[in-house]
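To start, the structure itself, in structure tokens.
Nothing in this text is a laboratory measurement; each read-out follows from the coordinates by a stated rule. Source: prediction; values computed, not measured. Methodologically, a virtual Cβ is constructed for each residue, glycine included, from the backbone with ideal geometry; neighbour enumeration extends over all protein chains shown.
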Amino acid sequence: MALVIGAGDATGGAIARRFAAGGYTACVTRREADKLLPLVQAIEAAGGRAHGFGSDARKEDEVVALVEQIERDIGPIEVLVFNIGANVPCSILDETARKYFKIWEMACFGGFLNGREVAKRMVARGRGTIVFTGATASLRGAARFAAFAGAKHALRALAQSMARELGPQGIHVAHVVVDGAIDTEFIRSNFPERYALKAQDGILNPEHIAESYWQLHRQPRDAWTFELDLRPYMESW
């Protein structure tokens, strides 16, 4: 069973569809469960199995209950993908403590909560894959992205620590740096010039991102990848 935290309309949904196509039951979450219905229906229409859950990844009690429910009623979690974005640009001069903290909660603290709860089950079984979705901000902090960069840097550090601790126990922990614009409605509506590069393969296709996650999970343990960078060929480093 594959659990995708933050299964939105682009990358998260594509990851869920790919694992479902590979024979896994896809359990997908968003804060509002009704928004998951089209994704669940699409997976089922393609012959896969899927369940949607409304859950706030920042709330410890909800995360604990979610993992317990899935393990009890659906099956063992073999794959966890933490895919919450929280990309909210703002000048450091205008940033509020409340929003800064909320971005950290979504992009990092939620990763800790979900990673910890699933890792407990995986370690007991001696197997499993945990993948954290990173971004350009995981590696460098751009102007107006202080909160997002701080949270994504912290998520990367969490992934590194977990990989070093859990790898010897049979758990593959990986961090994916998605460095570039993704083919989403947000990019199409807000950055039309960037979206126009789609015709030249200049923005990331969510289905192709998902394929990389699938390949990470399928790697033999004598050659595990910790960090994978994904960017269009024309994207500057």
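A simple charge model with +1 on the Cβ of Lys and Arg, -1 on the Cβ of Asp and Glu and nothing else charged puts the dipole of the chain at about 320 debye relative to its Cα centre.
Once you reduce the stretch 1-80 and the stretch 114-192 to the center of their Cα atoms, the two points are 17 Å from each other. Remark: 131, 123 ranked as 123, 131, counting other beta-carbon atoms within 10 Å and listing the fewest first.
Segment residue 157..residue 186, full-extension length gain: 7.6 nm, with 0.36 nm per residue of separation and the alpha-carbon distance subtracted. In order along the stretch 194-202, phi translates into HN-Hα couplings of 5, 5, 4, 6, 4, 5, 9, 6, x Hz, rounded to whole numbers, per the Karplus curve 6.51 cos²θ - 1.76 cosθ + 1.60 with θ = phi - 60° and x for Gly and Pro. Annotation for residue 41 and residue 123: the two label points, set 7 Å from Cα along the Cα-Cβ direction, are 4.2 nm apart.
Farthest toward the positive end of the dipole of the chain, out of 173, 33, 10, is the Cα of 173, where the dipole comes from beta carbon charges about the Cα centre.
Across the chain, the longest piece that holds none of the GluC sites (Glu not before Pro) lying in DSSP loops with up to 16 other C-beta atoms within 10 Å covers 96-234. Measuring r between the beta carbons of residue 21 and residue 193 and using R0 = 30 Å, the FRET efficiency lands at 0.35. Projected label points at residue 96 and residue 227, each 7 Å from Cα along the beta carbon direction, are separated by 3.4 nanometres.
With contacts taken as Cα pairs under 8 Å at a separation of at least 6 residues, the chain carries a relative contact order of 19 percent. Among the listed pairs 120/152; 99/152; 99/198, a Cα-Cα separation exceeding 26 Å is found for 99/198. Between amide H atoms placed 1.01 Å from N, distances below 5 Å from residue 50 occur with 26, all of them 5 or more places distant or on a separate chain.
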